[in-house]
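The values are calculated or read from the model by the stated rules, or taken from the named source; none is laboratory data. Just so it is clear, the model here is predicted, and its values are computed rather than measured. Here the Cβ positions follow ideal geometry from the backbone for every residue, glycine too, while neighbour counts run over all protein chains shown. When the accessible area is computed, the model is the full protein with side chains, heavy atoms only, and any ligands, DNA or RNA have been set aside. Shrake-Rupley method; radii C 1.70, N 1.55, O 1.52, S 1.80 Å.
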Amino acid sequence: IEKRNFANEKINVLPPKKSVIDSHRPLINLTICDMLTQIINARILTPQGWLKDGSVLIRDNKILEVTNCDLAIIGANLIHAKGMYIVPGGVEIHVHGGGGRDFMEGTEEAFRTAIKAHMQHGTTSIFPTLSSSTIPMIRAAAATTEKMMAEPNSPVLGLHLEGHYFNMDMAGGQIPENIKDPDPEEYIPLLEETRCIKRWDAAPELPGAMQFGKYITGKGILASVAHTQAEYEDIRAAWESGYSHATHFYNAMPGFHKRREYKYEGTVESIYLIDDMTVEIIADGIHLPKPLLQFVYKFKGADKIALCTDAMRGAGMPDGESILGSLANGQKVIIEDGVAKMPDRSAFAGSVATTNRLVRTMVQLADVSLINAIRMMTLTPARILHIDKSKGSLEAGKDADIVIF
């Protein structure tokens with residue numbers, strides 16, 4: 001009998017022979033196997049690459065070990081993956097809703113319905129996102145977020161505020177009456193009374209935006225550039241003030257342009273020039289066409305790109321009219337062609353994508369390897385939001401957030 005050690009717990013490996021449980025597979029006899037689950041017969045994505053014919057051992061919602069041993073363990077809850085892929089669960093860092101509900105509603109029912117819709121498609125960690133909202137709306141959503149974060153093994157890891165400190169000329173599907181310049185009399189009290197806000201987006205060219213960036217990053221909150229007309233000097237100043245990420249890159253921000261006879265870099269080129277600034281892209285194949293998906297991947301790479309759905313309540317719902325944001329005063333939109341549009345079709349108003357669609361699009365449309373497509377949906381967003389010690393990859397000690405497909 002060979003003695004092996006998994007997380008300080010000894011197991012006994014029987015010599016290969018026919019099992020009394022499975023006549024085609026030898027067994028591992030675990031000395032202590034309470035609450036143990038073993039996933040076998042799969043291609044496992046590890047930080048070192050694909051592992052064929054290995055297994056994943058899970059106990060108490062944690063990964064105990066990822067091993068190249070595919071022997072079944074006596075007494076374990078055995079999951080046969082039937083040759084499919086085992087990968088980390090998707091980390092969704094920008095999502096407004098799904099299943100007919102929006103996080104701006106602020107209620108626990110709305111949150112649970114939207115989260116369930118996305119968890120059916122590969123999301124296991126989620127940062128509910130609010131479009132430009134009033135302070136009372138933010139407080140209501142924060143209260144629900146904090147309640148859900150306190151639940152055991154909750155997929156909710158924090159609140160993301162997309163706005164309301166945006167450039168009015170780049171509002172897109174945001175609610176115009178909620179948009180304003182950064183106001184310390186608003187955001188300081190709000191951040192003193194809640195601990196669930198993990199990300200806040202703003203346009204760096206606005207008055208007070210630099211002070212805002214320094215303040216929120218000082219509290220460990222991700223500051224992201226969004227809905228902006230910033231040029232290079234604005235982006236460089238924003239970077240030095242703590243802004244390290246770009247929201248739905250290419251969307252709601254200008255690229256190269258001219259004013260009279262002079263040429264100017266846009267927000268897009270400015271972000272490319274700052275090597276360490278991360279970006280997120282709505283990889284639904286519509287917000288960005290194939291050449292732009294390939295372009296951003298070529299210049300930023302899998303370690304600097306997070307895939308995000310930016311999905312609104314229409315994700316998982318049929319085509320037709322819908323509402324972006326609150327049902328009471330949200331923006332009417334039309335869902336068609338796999339995307340949400342403004343009623344006059346002048347602009348996109350959010351996506352209806354899910355995690356699996358993002359990965360599929362990057363592989364099938366943008367010709368990115370499956371490993372890197374999954375990395376951009378898992379480990380990279382986990383690192384951007386500083387949760388990679390427990391999320392984003394299949395490693396011993398991390399949460400057992402696992403997708404089999």
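Results, tabulated for the structure shown:
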quantity	calculated
C-alpha center-to-center spacing [region 342-405, region 193-256] in angstrom	22 Å
Sequence-distant aspartates and glutamates (8 or more away, or on other chains) whose Cα lies within less than 19 Å of LYS341	ASP102, GLU162, ASP169, ASP284, ASP310, ASP319, GLU321
Residues ASN68 and LEU327, FRET efficiency given R0 of 60 Å [Cβ-Cβ distance, rounded to 0.05]	0.70
Whole-number percent relative contact order across the chain, with pairs defined as alpha carbons under 8 Å at least 6 apart	17 percent
Formal net charge of residues neighbouring GLY106 (Cβ-Cβ distance under 13 Å; K, R +1; D, E -1)	-1
Protein-only accessible surface order, largest first, of ARG383, ARG375 at 1.4 Å	ARG383, ARG375
Carbon plus sulfur fraction of accessible area for the chain, probe 1.4 Å, in percent	52 percent
Phi-based couplings in Hz for region 315-332 (Karplus 6.51, -1.76, 1.60; Gly and Pro marked x)	4, x, 10, x, 4, x, 6, 8, 10, 8, x, 5, 5, 6, 9, x, 8, 5
Nearest-20 debye value, the chain charge dipole, Cβ charges on Lys, Arg, Asp, Glu	1540 debye
From the coordinates shown, Rg and Dmax of the Cα atoms in Å corresponds to which of (1) 22.8, 82; (2) 22.6, 73; (3) 21.4, 66	(1)
Net charge contributed by nearby residues that have their C-beta within less than 9 Å of GLN229 (K/R +1, D/E -1)	-4
Where labels lie 7 Å past Cα in the beta-carbon direction, separation of ASP275 and GLU151 in nm	4.4 nm
Mean residue ellipticity (222 nm) of the chain, computed from DSSP H runs ≥ 4 via -39,500 (n - 2.57), nearest 500	-7000 deg cm²/dmol
Accessible surface, 1.4 Å probe, highest first, among residues TRP239, TRP200	TRP239, TRP200
Per residue, in Å², the accessible surface of region 325-384 once ligands and nucleic acids are set aside, probe 1.4 Å	41 Å²
Solvent accessible area, Å² - MET170, 1.4 Å probe, full protein context	40 Å²
Proximal lysines to LYS52, defined as alpha-carbon separation beneath 20 angstrom and excluding residues fewer than eight positions away on the same chain	LYS82
Listed residues VAL403, PHE256, VAL268: farthest to the positive end of the dipole of the chain (Cβ charges)	VAL403
Distant-in-sequence amide H partners of LYS398 (H built 1.01 Å from N, under 5 Å)	ILE63
Antiparallel bridge percentage (DSSP; both residues within region 253-339; nearest 5)	75 percent
Of LYS116/LYS300; LYS290/LYS391; LYS180/LYS214; LYS180/LYS300; LYS198/LYS391, those spanning more than 21 Å from alpha-carbon to alpha-carbon	LYS116/LYS300; LYS290/LYS391; LYS180/LYS300
Fluctuation leader among THR194, THR67, THR217 - the chain, Gaussian network, Cα springs under 10 angstrom	THR194
